[in-house]
1. Just name the residue that is farthest from the ligand (Cβ to nearest atom) out of those in the range 181-209 that are assigned to a helix (DSSP H, G or I) and either more than 14 Å from the chain's Cα centre (by Cα) or over 18 Å from residue 294 (Cα atoms) (or both).
2. Looking for whichever is in contact with an Asp or Glu (Cβ under 6 Å, 6 or more places away or on another chain) and either of a type outside the set (Phe, Trp, Tyr) or within 11 Å of the ligand (Cβ to nearest atom) (or both) here; the options are 170, 215. Which one fits?
3. Out of all the residues in the range 265-278, is one or more within 15 Å of the ligand (Cβ to nearest atom), among the small types (Gly, Ala, Ser), assigned to a helix (DSSP H, G or I) and closer than 24 Å to residue 180 by Cβ?
4. Is there a residue in the range 279-291 that is more than 24 Å from residue 220 (Cα to Cα) and within 16 Å of the ligand (Cβ to nearest atom)?
5. How many residues does the range 121-135 hold that are more than 16 Å from the ligand (Cβ to nearest atom) and touching a strand residue (DSSP E or B) at 6+ places or on another chain (Cβ under 6 Å)?
6. Of (1) more than 17 Å from residue 316 (Cα to Cα); (2) within 24 Å of the chain's Cα centre (by Cα); (3) not in a helix (DSSP H, G or I), residue 216 satisfies all except one. Which?
7. Which of the residues that make up the range 180-198 are of a type in the set (D, E, K, R) and crowded, with 24+ Cβ neighbours inside 10 Å?
8. I need the full set of residues from the range 142-167 which are of a type outside the set (Phe, Trp, Tyr) and within 16 Å of the ligand (Cβ to nearest atom), in order please.
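Derivation of every value follows stated rules applied to the coordinates shown; laboratory data play no part. This is a predicted model, so every value here is computed, not measured. Please note: Cβ atoms are built from the backbone with ideal geometry, for glycine as well, and neighbour counts cover all protein chains shown.
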Amino acid sequence: MKRKLFGVLLTLALSASLLAGCGTATKDAGTSAGSAGMETDTNETAGEAVRDTSEEAANGNGVLVGVSMPTKDLQRWNQDGDNMQEQLTDAGYKVDLQYASNDIAAQVSQIENMIANGCKLLVIASIDGDSLGTVLIQAKDAGIPVIAYDRLIMNSAAVTYYATFDNYMVGTKQGEYIRDALDLDNAAGPFHIEIFTGDSGDNNAKFFYGGAMDVLNPYMESGKLVVKSGQKDFETVATANWSSETAQNRMDAIIASNYGDGTVLNAVLCSNDSTALGVANALASSYTGAYPIITGQDCDIANVKNLIAGKQAMSIFKDTRDLATRTVKMADAIMQGGEAPINDTESYDNGTGIIPTYLCEPVFADVNNYKKLLIDSGYYKETDLQ
Ligand code: BGC
């Protein structure tokens, strides 16, 4: 039901962005240090994901797969790239892995090169979901299927499958955490909250924001939860490129205008860990009241350290090894002319129709369960978190 309501809102937002046209300019060209070269690193921490390598080894047949990742600046994409490279290689594929430094033009040209170099399949985590339409017409014309990886590619009929985590559920879990931690159903309140979501060109950000706001909106409407800055709508609380620095600057300004007089900030809804990091940095430098609840997502190493130190209340663990395993299964199915296992055929319409999707499950993480989730599963080594 709520998903449907959110779906309607999303469609409206999509129509609005279509009407407004979609820019294809560089988002932060030159500001990040990501390599545009072919990657050969392997991931020392991966390897626990369940897969039958011997069976899959027959499937790849040396076929070249282009894997396009958005940036090396945010921790998770390095893990995603490493996992994809390792698992595709184990399954018998050749891999052309490229990172685009959050530069849309670079991502487009890397994909063009992958097509020119004869790749037979593209796996793409887009920087801006709306900016790949033209290059993907080339892919479609060349008969190259495309798997949208983690982020949906919008308004392109070239997308065959989508593999991601349940993005709406991520937001729901964040919203429910704040609701329960502040005991919004029973406590008198009012409580103060501020909101930080991700890049407005990332379709996921709308799902994270929508999932959380569907939980929290009723309390905002009743006045129990107050956004003192008044900054609440998606575009206002979006953070370009999910940048920690941008989030930090906005939080600094919010503290100066709203919480400098001793007003207590009770919670900050952050859609992911990079924004949570920026918010925590701003709080450390200029907020003196009782420490708020901060949410996050990804279980980045810096943020797990903050969970342990009491500077972030929760995160969401998305096991990128599982996402890679699911994506390789899709690749195998496509290469064999079969159908990949999917578990969602209604949530993700990219503007050309519903894209068959596999949703991996996001898992709540906090100081009490991080060891089991992250260390025992081999995702991190204990020393990574020291
Ligand atoms: C991913 C998140 C990530 C964010 C910034 C989103 O598309 O789903 O896991 O935190 O991008 O990299």
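1. First, the residues of the range 181-209 that are assigned to a helix (DSSP H, G or I): 181, 203-209.
If we keep only those that are either more than 14 Å from the chain's Cα centre (by Cα) or over 18 Å from residue 294 (Cα atoms) (or both) as well, we get 181, 203-204, 206-207.
On the way: 181: 21, 203: 8, 204: 4, 206: 11, 207: 9 Å.
Ranking the qualifying residues of the range 181-209, first place goes to 181.
2. From the options 170, 215, the qualifying one is 215.
3. Yes, the range 265-278 contains a residue that is within 15 Å of the ligand (Cβ to nearest atom), among the small types (Gly, Ala, Ser), assigned to a helix (DSSP H, G or I) and closer than 24 Å to residue 180 by Cβ.
4. No, the conditions are met nowhere in the range 279-291.
5. Residues flagged as more than 16 Å from the ligand (Cβ to nearest atom) and touching a strand residue (DSSP E or B) at 6+ places or on another chain (Cβ under 6 Å) within the range 121-135 amount to 2.
6. All conditions are met except number (3).
7. Correct list: 194 only.
8. Residues of the range 142-167 of a type outside the set (Phe, Trp, Tyr): 142-148, 150-160, 163-164, 166-167.
Those that are of a type outside the set (Phe, Trp, Tyr) and within 16 Å of the ligand (Cβ to nearest atom): 147, 148, 150, 151, 152, 153, 154, 159, 163, 164, 166, 167.
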